[in-house]
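Quick notes on the structure that follows.
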Amino acid sequence: MLDRKVNERIRDFHEVALGFSADEAILEAERCLQCKKPLCVTGCPVGIDIPAFISAIAAGDFSVAATTIKEQNMLPAICGRVCPQETQCEGACVLKNKDTPINIGALERFAADWERERGFSAEQKSREQTGRRVAVVGSGPAGLTAAAELARRGHKVTIFESLHEAGGVLSYGIPAFRLPKEIVKAEIDQVLAMGVDLKVNYLVGRSVSVPELLAFDAVFIATGAGLPGFMGIEGEQMNGVYSANEYLTRVNLMHADQFPVFDTPVKAGSRVVVAGGGNVAMDAARVARRMGARVTLVYRRREEDLPARREEVVHALEEGVEIINCAAPIRLLGDGVVTGVECVTMKMCGLDGSGRPTPEPVADQTFVIDADVFIEAIGQSPNPLLIREVSGLSIGARGNLVVDDDGRTSIGHVFAGGDVATGAATVILAMGAGKTAAAAIDRMFKEQ
Amino acid sequence: MYKIEETTQLADRVHQIWIRAPHVAHHAQAGQFVIIRIDEQGERIPLTISGVNGDLVRVIFMAVGKTTHHLASLAAGEHVRDVAGPLGRPSEMISGGTCVVIGGGVGVASTPIIAKAAKDAGNHVIGIIGARNAGLLILEDEMRAVCDELFITTDDGSKGTHGFVSDVLKTLLAERKLDLVWVIGPAIMMKVTSGVTQPFGVKTFVSLNPIMVDGSGMCGSCRVIVGGETRFACVDGPEFDAHQVDFNSLMARQRVYTEEEKVALERHQAAHCGCEEGGNHHA
Ligand SMILES: Cc1cc2nc3c(=O)[nH]c(=O)nc-3n(C[C@H](O)[C@H](O)[C@H](O)COP(=O)(O)OP(=O)(O)OC[C@H]3O[C@@H](n4cnc5c(N)ncnc54)[C@H](O)[C@@H]3O)c2cc1C
Ligand SMILES: Cc1cc2nc3c(=O)[nH]c(=O)nc-3n(C[C@H](O)[C@H](O)[C@H](O)COP(=O)(O)OP(=O)(O)OC[C@H]3O[C@@H](n4cnc5c(N)ncnc54)[C@H](O)[C@@H]3O)c2cc1C
Ligand code: SF4
Ligand code: SF4
Ligand code: FES
């Protein structure tokens, strides 16, 4: 799969990865061994019948391929683009050790795009309605998946979303050059076409009271991990300092890149420093490049420890993002408006629980990077607003909702899943959680 | 889409609109706000809920920039794209005490709903509302109807006491025991006025108005420093203990986009027949 040329792509927000042509897709699909016990499927949290859809592509039956995927995954064009396939399906493919694994993500994307571009064969609303009402809180991948699965089983689903648009991080966080917003919208529309009711501008806990929420026959809480962390360093309150969430929301959801045609502004800056090393940091840095700034990313551990997907790091470097490893911001300089970021060099000490080295500052080894915009991408945690208001929910050490294997919380008919339960994770894990909870809710109804 | 049912101009550049938004109206409490986005290109702007009637909510705002000018130009029967809310925490309340609800300028918009909540909770309620001059004073009748006592101040003396709301507050503090005070208005007015109650140790709330985006605790744009800690005004506030608030950083952060706001407003006005004050072109 090819990428657009760097000097072209950093001037706009169009997609970087170009995707397969039909011929390329067939060639890639023909490499698949059609394993009897396909390991790839064990690596997919929503259990797509991967050999089946790949064999359909190899046979040129693209529409069959798309239908096969959608039996298990309602958001295939999204997942084909953003799943960390190297640790999911592709990481489990038997060809991984001999050859290169099958590019399952790109094939999934191809089939989904092929079908969408020709007009969906929208799934019919299930005719047999059970009369059960389920409230889904949050319209990110977890909420959308649970809603689709429940609607399929004939339950009446209402999704409440606090923003004006559905999609969660898919809409406000992941930039269009990785995930075009028309695609997000089209796949969400398909879920809604199954008879799911979407209510935007509803912040549950405020626009819907807790008793009103608990009056539904079942509830699925999928409010994500949207609460941005701040480093707590001096100068953070200055102008020009953003959380990655704010910076990305202004651009992705509010289209600040098109200011003043769109009303929401953002500081483009000429010299941007991003703190962090995950996907969020890479996204913020690459957006800042497209807004025309020189961008430096500061990460406190070594290059090999960067938690971002390798592909994103490579893309960021190609696009001219400078990465300084083993350094951490300790103070922001400026008089009301940020003018520089003072950093300290970090040395790597013993390993922490996750097997990564613990960074510790080297006293006196400090340096300053000029900056007129500073973006913090140091992690997000579950938004406490709703979960604090529902009494009786058991909350974990990291502010996450505690759930069992079925996604059930400490309140019988209240389920939860996605980032609110796991902490910031991935789209596909959130979808897997939505599916699991939907199945458990359905079982609960049948047993009642 | 949310329908605008009624619009009224209350004073120079100050407009009142009633919008049909049942999900907000049925849950709104004193001290909360909505976020409005007029159309697809629009910015999300926070406005205090200043009244509720059935399915309708009222907001009162001053036309200061692009979005508020645009909103002021809409007529009854037109629609806005989004109304999210109610957002923020309801005002903290006491009962059986003496409460003072103070509003300055367009900040008076927030006062009747708080005064009514204080009254309903069984307090003796004193209102103090102020403006630069008599023509800019809003909601006098409404406040008179709900408060046990009402004081009016104008900077130029054209109505009520000549001076500031803080002058009346000082007099009250010297004369009697006050239990809870709200001060709502421009940041500088809140800073100065709430400073008056500090030596008396009277619990005082201010309603902070930093720039917001989502209003749900997701972006951190609205962060303010209260008691030395970073708090998010949209979910932890907007009302905070006045004596803990770092007003200077709030005021600095409100100015982040001054240049961009100017560009947006000029562009808007150039496209709309050049009316200076957000006139009612559609009417
Ligand atoms: C910038 C960025 C880039 C990422 N890149 C990738 C990637 O490439 N690949 C990958 O797999 N993962 C990626 N992730 C992670 C992934 O997006 C998340 O793990 C996933 O979106 C979690 O889904 P969710 O449904 O649990 O929550 P979210 O997507 O966070 O959605 C939660 C929704 O709930 C709404 N909400 C919250 N509280 C309330 C309430 N009280 N009432 C109503 N609505 C509410 C929110 O507005 C939001 O829309 C990225 C994350 C970010 C931030
Ligand atoms: C919780 C809350 C409640 C509010 N309630 C009201 C209300 O009831 N009535 C009312 O008139 N205004 C209220 N505001 C302020 C209102 O949101 C701003 O006036 C509005 O966003 C300006 O938008 P604009 O595009 O017209 O102006 P802009 O062009 O964005 O700004 C013009 C001027 O307004 C200032 N400004 C911009 N955004 C804000 C903001 N969020 N808060 C304060 N000042 C700002 C700018 O510094 C600038 O000087 C409230 C703000 C908050 C946070
Ligand atoms: S959904 Fe994700 S994990 Fe599953 S097959 Fe597709 S790309 Fe792989
Ligand atoms: S494991 Fe690899 S080769 Fe085997 S079926 Fe799955 S994709 Fe094909
Ligand atoms: S407005 Fe985004 S966190 Fe408060």
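The values are calculated or read from the model by the stated rules, or taken from the named source; none is laboratory data. What you see is a predicted model; the values in this text were computed from it and never measured. Heads up, the Cβs are rebuilt from the backbone with ideal geometry, glycines too, and the neighbour counts pull from every protein chain shown. Just the protein is used for accessible areas: all its heavy atoms, side chains included, with ligands, DNA and RNA removed. Shrake-Rupley method; radii C 1.70, N 1.55, O 1.52, S 1.80 Å.
For the reader, a short list of remarks on this structure follows.
- Any hit, the stretch B:184-199, residues being closer than 30 Å to residue A:252 by Cα and either within 16 Å of ligand 2 (Cβ to nearest atom) or under 17 Å from the mean Cα position of the chain (by Cα) (or both): no
- Test result for residue A:58, closer than 30 Å to residue A:433 by Cβ and touching a helix residue (DSSP H, G or I) at 6+ places or on another chain (Cβ under 8 Å): no
- Qualifying residue in the stretch A:211-225 (condition: open to solvent by 20 Å² or more (accessible area, probe 1.4 Å), on the phi > 0 side of the Ramachandran plot and touching a Phe, Trp or Tyr at 6+ places or on another chain (Cβ under 9 Å)): no
- Sole exception among (1) closer than 30 Å to residue B:268 by Cα; (2) free of Cβ contacts under 8 Å to residues at least 60 places away in the same chain; (3) open to solvent by 10 Å² or more (accessible area, probe 1.4 Å); (4) not basic (Lys, Arg) for residue A:270, by number: (2)
- Residue A:249 vs. criteria more than 16 Å from ligand 3 (Cβ to nearest atom) and open to solvent by less than 20 Å² (accessible area, probe 1.4 Å): yes
- Residue in the stretch B:211-228 that is nearest to residue B:260 (Cα to Cα), counting only those that are more than 6 Å from ligand 5 (Cβ to nearest atom) and free of Cβ contacts under 8 Å to residues at least 60 places away in the same chain: B:211
- Selection from the stretch A:284-307 of residues that are open to solvent by 10 Å² or more (accessible area, probe 1.4 Å) and either touching a helix residue (DSSP H, G or I) at 6+ places or on another chain (Cβ under 6 Å) or outside the structural domain of residue A:371 (by TED's automatic domain parsing) (or both): A:306
Residue-wise test of (1) within 20 Å of residue A:205 (Cβ to Cβ); (2) within 13 Å of another protein chain (Cβ to nearest Cβ); (3) open to solvent by less than 10 Å² (accessible area, probe 1.4 Å); (4) within 19 Å of the chain's Cα centre (by Cα).
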site	(1), (2), (3), (4)
B:204	no, no, yes, yes
B:209	no, no, no, yes
B:212	yes, yes, no, yes
B:215	yes, yes, yes, yes
B:225	no, yes, no, no
B:230	no, yes, no, no
B:241	no, no, no, yes
B:244	no, no, no, no
B:254	no, yes, no, yes
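- When residues in the stretch A:193-209 are screened for being surrounded by fewer than 19 Cβ atoms within 10 Å (Cβ to Cβ) and either within 11 Å of chain B (Cβ to nearest Cβ) or free of Cβ contacts under 8 Å to residues at least 40 places away in the same chain (or both), 3 of them pass.
- The set of residues in the stretch B:2-25 being in a loop (DSSP other than H, G, I, E, B) and either outside the structural domain of residue B:74 (by TED's automatic domain parsing) or in contact with a strand residue (DSSP E or B) (Cβ under 8 Å, 6 or more places away or on another chain) (or both) consists of B:13, B:21.
To keep it simple, each residue is scored yes or no on (1) within 16 Å of ligand 1 (Cβ to nearest atom); (2) modelled with pLDDT of 95 or more; (3) of a type outside the set (Gly, Ala, Ser).
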site	(1), (2), (3)
A:49	no, yes, yes
A:55	no, yes, no
A:59	no, yes, no
A:79	yes, yes, yes
A:89	yes, yes, yes
A:98	no, no, yes
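- Residue B:200 meets the stated requirement of being among the aromatic types (Phe, Trp, Tyr), farther than 15 Å from residue B:101 by Cα and more than 14 Å from chain A (Cβ to nearest Cβ).
- When the stretch B:1-29 is filtered for residues that are farther than 11 Å from residue B:58 by Cβ, touching a Pro at 6+ places or on another chain (Cβ under 9 Å) and away from ligand 1 (no atom under 16 Å from the Cβ), only B:29 remains.
- Residues that are of a type in the set (A, V, I, L, M, F, W, C) and surrounded by 24 or more Cβ atoms within 10 Å (Cβ to Cβ) do occur in the stretch B:146-159, at least one of them.
- Residue within the stretch B:100-120 that is surrounded by fewer than 24 Cβ atoms within 10 Å (Cβ to Cβ) and without any contact (Cβ under 8 Å) to a residue 60 or more places away in the chain present: yes
- Yes/no for residue A:246 being within 17 Å of the chain's Cα centre (by Cα), within 13 Å of chain B (Cβ to nearest Cβ) and of a type in the set (Asp, Glu): yes
- Within the option set A:350, A:379, A:355, being under 30 Å from residue A:161 (Cα atoms) and small (Gly, Ala, Ser) holds for one residue only, A:379.
- Tally, over the stretch A:14-42, of residues that are touching a residue at least 12 places away in the same chain (Cβ under 8 Å), open to solvent by 40 Å² or more (accessible area, probe 1.4 Å) and not in a helix (DSSP H, G or I): 6
- Matching residues in the stretch A:1-13 - criterion: being under 18 Å from residue A:105 (Cβ atoms) and without any contact (Cβ under 8 Å) to a residue 40 or more places away in the chain: A:2, A:4
- Set B:84, B:72, B:28: member being assigned to a loop (DSSP other than H, G, I, E, B) and among the hydrophobic types (A, V, I, L, M, F, W, C): B:28
- First in the stretch A:117-137 and modelled with pLDDT of 90 or more, second anywhere and open to solvent by 80 Å² or more (accessible area, probe 1.4 Å) and part of a loop (DSSP other than H, G, I, E, B), Cβ under 8 Å, 6 or more apart: A:130/A:153
- Residue match in the stretch A:65-75 (condition: of a type outside the set (Val, Ile, Thr), surrounded by 23 or more Cβ atoms within 10 Å (Cβ to Cβ), near ligand 3 (Cβ under 9 Å from one of its atoms) and within 23 Å of residue A:176 (Cα to Cα)): yes
- Looking only at the stretch A:404-433, and only at residues there that are more than 25 Å from residue A:280 (Cβ to Cβ) and polar (S, T, N, Q), the one that is least open to solvent (accessible area, probe 1.4 Å): A:409
- Matching strands (runs of 3 or more DSSP E) fully within the stretch A:315-394 where at least 2 residues are away from every other protein chain (no Cβ under 14 Å): A:322-324, A:327-334, A:338-351, A:357-370
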